Amino acid sequence: MKIEVEQDVMQVNRTYAAQNRADFSAQRLCVVNILGSPGAGKTTLLERLLPLLQAEGITPAVIEGDLATAKDAARIAESGVPVVQINTDGGCHLDAKMIARVLPAFDLASLDLLLIENVGNLVCPASFDLGEDVRIVVLSVPEGGDKPSKYPATFLSAGIVVLNKMDLAPYVEIDLAAVHADILALKPDMRIIETSCRRGMESGLKELATELVARMREKLA
Ligand SMILES: Nc1nc2c(ncn2[C@@H]2O[C@H](COP(=O)(O)OP(=O)(O)O)[C@@H](O)[C@H]2O)c(=O)[nH]1
Ligand SMILES: [Mg+2]
């Protein structure tokens, strides 16, 4: 009986995700779902990426997912990019229905790219397709290099892994070659991009912007 209920929830999500995907395609909108632990640097990465994407002529918007507060949306709003905050009120992930509900808040026809920051969590968000084109998992260096092998479903579901806080690599014991090897053992064609968002020490951000632009062009070709 319990298993049936669970399947039902997943089936409802699949239906909403398929509708979202169809709506996004009809609007020629690319959508990125960003996963990662709390504090991995997801919002900071968005803050650094948005100007680089805008410099490429892309019009972005952001959906922020958190259990509570509009703190992340307030950070994104500083840049002038349209943003909507979803509070899950205790829920550990965003689902496709939550996304569908907030879409009317955006002028989708004027947008090229919707970036969704999921609730900070390396488990639950992996199971919920939001209708996105690309999933990014942000892993920060101080979290430890064992996370890809400990949370394989999340990393397996990604198209891009961002290894963030590279500026901190000299201060923590992490075997970066082993992290790359563990990720590639899960998925040999994974794109791994090392970044630092630290002011004055930024790295890898242009590479990530270029990768996203390439994927957008691929979808819209
Ligand atoms: N040293 C360093 N700190 C970072 C980097 N990226 C983010 N941070 C810091 O990490 C903390 C959490 O970042 P935040 O973007 O809020 O993480 P989120 O919870 O994943 O959205 C903040 O204090 C950021 O300034 C980075 O590349 N290097
Ligand atoms: Mg955040």
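Quick notes
- Residue in the range 39-59 that is under 14 Å from G131 (Cα atoms) and in contact with an Asp or Glu (Cβ under 9 Å, 6 or more places away or on another chain) present: no
- Filter result (within 16 Å of ligand 1 (Cβ to nearest atom) and either modelled with pLDDT under 95 or out of contact with any strand residue (DSSP E or B) (no Cβ under 6 Å at 6 or more places or on another chain) (or both)) within the range 174-201: I174, L176, V179, C197, R198, R199, G200, M201
- Only residues that are within 11 Å of ligand 2 (Cβ to nearest atom) and surrounded by fewer than 24 Cβ atoms within 10 Å (Cβ to Cβ) were counted across the range 18-47, and they come to 7.
- Once the range 105-137 is narrowed to residues that are farther than 18 Å from H93 by Cα and aliphatic (A, V, I, L, M), the residue that is farthest from the chain's Cα centre (by Cα) is A109.
- Qualifying residue in the range 37-55 (condition: over 21 Å from V161 (Cβ atoms), of a type outside the set (V, I, T) and either more than 18 Å from the chain's Cα centre (by Cα) or more than 16 Å from ligand 1 (Cβ to nearest atom) (or both)): yes
- The listed residues are T59, T15, and the only one of them that is more than 26 Å from S196 (Cα to Cα), surrounded by fewer than 19 Cβ atoms within 10 Å (Cβ to Cβ) and either within 16 Å of ligand 1 (Cβ to nearest atom) or modelled with pLDDT of 95 or more (or both) turns out to be T15.
- Whichever residue in the range 74-91 is out of contact with any Ser or Thr (no Cβ under 6 Å at 6 or more places or on another chain) and not in a loop (DSSP other than H, G, I, E, B) and, among such residues, is farthest from V119 (Cα to Cα): A77
The values are calculated or read from the model by the stated rules, or taken from the named source; none is laboratory data. Worth saying up front: this structure is predicted, and the values here are computed from it rather than measured. Every residue, glycine as well, gets a Cβ built from its backbone with ideal geometry; the counts of neighbours run over all protein chains shown.
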